[in-house]
Amino acid sequence: MSRIILVSADGHASARLEAYRPYLESKYHEALDEEIAYTQFLLDSIPMRSAVEGLDPETAAVVDDAGAIRSGGAVGAHDPKRRLEEMDREGVVVEIVNADSTDSQSFCVKPFCWPGSKLSPVELREAGARAYNRWLADMLAETDGRVLGVAEAGTCLDLDATVRDLEWAASHGFASVHAPGQMFDPNLPRLYDSAYFERFWAACVDLGLVVNSHAGWGTACNDLPRVMQDMPGNFKGVGPRISKIMIENLKATKSSYIDQLVLAGATIGETSPQSREPLWQLMLGGVFDRHPALKLSLTELRADWVPATLAALDERVAQGGTPLRLTPSEYFERNCRVTPSFPHPAEMALRHDIGVDHIMFGRDYPHPEGTWPNTWDWIRVSYAGVPEDEARLMLGENAISWYGLDRERLAALAEKIGPRAEDLLGDYDVDERKIDSFDSRGGFRKPAENVNSEAVVQAFENDLALAQAPR
């Protein structure tokens, strides 16, 4: 039997800020110096930890049994050679990468446009997004097509420029683009504004770019403390300690929309409903009706919420008064996929309700909450009892179809580095200390989310009212 084609539909790649200097026009270099200094303040203030820091030596040796972390494996965030080594070691043939790769070994982010940035003018945020895309394109070119990028869409406040950037990205190794609003800006229309965003959606379809709504969608610059309050144990509780300093810094910019940003900074984590809003906003805007081939990936947002959320939305839409031509479940079936990075057993138990052909795998490398460097053991436990045909779909085949990848080429590579079915599926006795690590860093043992259906419907109603309001 052929080996499993293991595809990670969620990884991260970014450079250290200094590395973006050649990709930025010289007029932005002074601002980059300020960004570097401020980011160093964050690095000094935040106890960034790898998956083994804080563990006793014996337990650390169990968790990092191949020495990948302790030998500096996280530098693959920006070093393509080390990244490919870690992909080979874990049998991953292709990885789709998003920005921002912060951990104790590699504090790598986008310039001027990540949740820890100082609030910057639109021009600077746009320059930062383009510099990141240019840097990433060069990195992708060194991976022989095994790493594919998710492009930064920038502020999307100039759609002509944004569409040109999409065209550039599609020709430089990018398979996807972040949904507009990944970084919050109060001047940007919401995704249901069909007139404003039409060229964006049309370009994505024409260029074959998957739209990616990643955890953190809707986060504002300088919003890191709030984000961190919803992160796993490595960071929990850090936010309140530094938030006062960061908010004071934010206010010092004297921006006309500072208060809006501060108030908008609700916790944006994997389980925050805010990051799920693109799902129904695209429905309300008729985007999936006008572009039935548009693909939306919901990445690192977990997946256990999907069945109850769709059921609640289906029930609401059945009552009438909406512009939807299909039910939310039908739109999801046709236009959406989910990548619950570092999968939980509770999600695998719900796989048939979510849709076995709608789930993709992500290892979240090199983030400490992800499966790396324990991907095989993580799968062994979370996929316990999953039949081989279903596991093959979720671990790679779904991503190959969704992103239009060259299956023949990947199958040949998998025969060299990929796991056999028996390497991942079966009765495995994984060290309990390792599973404890999975839980502390990635919420592995969490039960399925108890979805607040009333809150989901209310969020839908709020967006419906705004979508139907006169402009």
**Message:** On the basis of being out of contact with any strand residue (DSSP E or B) (no Cβ under 8 Å at 6 or more places or on another chain), surrounded by 22 or more Cβ atoms within 10 Å (Cβ to Cβ), without any contact (Cβ under 8 Å) to a residue 60 or more places away in the chain and part of a loop (DSSP other than H, G, I, E, B), does residue 116 make the cut?
**Reply:** no
**Message:** What pairs come out if I take residues in the stretch 303-330 that are at pLDDT 95 or above and pair them with residues that are among the aromatic types (Phe, Trp, Tyr) whose C-beta lies under 7 Å away, six or more apart or interchain?
**Reply:** 310/332; 313/280; 313/460; 316/460; 328/280
**Request:** Could you list, in sequence order, all residues of the stretch 434-458 that are part of a helix (DSSP H, G or I) and either under 23 Å from residue 66 (Cα atoms) or basic (Lys, Arg) (or both)?
**Result:** 434, 435, 436, 437, 438, 439, 440, 441, 442
**Fill in**
In the stretch 398-418, anything of a type in the set (Lys, Arg) and loosely packed, with under 13 Cβ neighbours inside 10 Å is listed as 416
**Request:** Taking the options 413, 393, name whichever one is at pLDDT 95 or above, in contact with a strand residue (DSSP E or B) (Cβ under 6 Å, 6 or more places away or on another chain) and not basic (Lys, Arg).
**Result:** 413
**Asked** residue 451: in contact with a helix residue (DSSP H, G or I) (Cβ under 6 Å, 6 or more places away or on another chain) and at pLDDT below 95, yes or no?
**Response** yes
**Complete:** Taking the stretch 188-220 and the residues there that are among the hydrophobic types (A, V, I, L, M, F, W, C), closer than 15 Å to residue 463 by Cβ and within 20 Å of the chain's Cα centre (by Cα), the one that is surrounded by the most Cβ atoms within 10 Å (Cβ to Cβ) would be 191
**Request:** Output yes when any residue across the stretch 374-381 is of a type in the set (A, V, I, L, M, F, W, C), more than 23 Å from residue 69 (Cα to Cα) and surrounded by 23 or more Cβ atoms within 10 Å (Cβ to Cβ), and no when none is.
**Result:** no
**Message:** For the structure I just gave you, tell me whether residue 93 is under 28 Å from residue 177 (Cβ atoms), touching a residue at least 40 places away in the same chain (Cβ under 8 Å) and assigned to a loop (DSSP other than H, G, I, E, B).
**Reply:** no
**Asked** Can you pull out the residues in the stretch 431-447 that are farther than 18 Å from residue 301 by Cβ and hydrophobic (A, V, I, L, M, F, W, C)?
**Response** 435, 438
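The values are calculated or read from the model by the stated rules, or taken from the named source; none is laboratory data. In this text, all values refer to a predicted model and were calculated from it rather than measured experimentally. Here the Cβ is made from the backbone with ideal geometry for all residues, glycine too, and neighbour counts use every protein chain on show.
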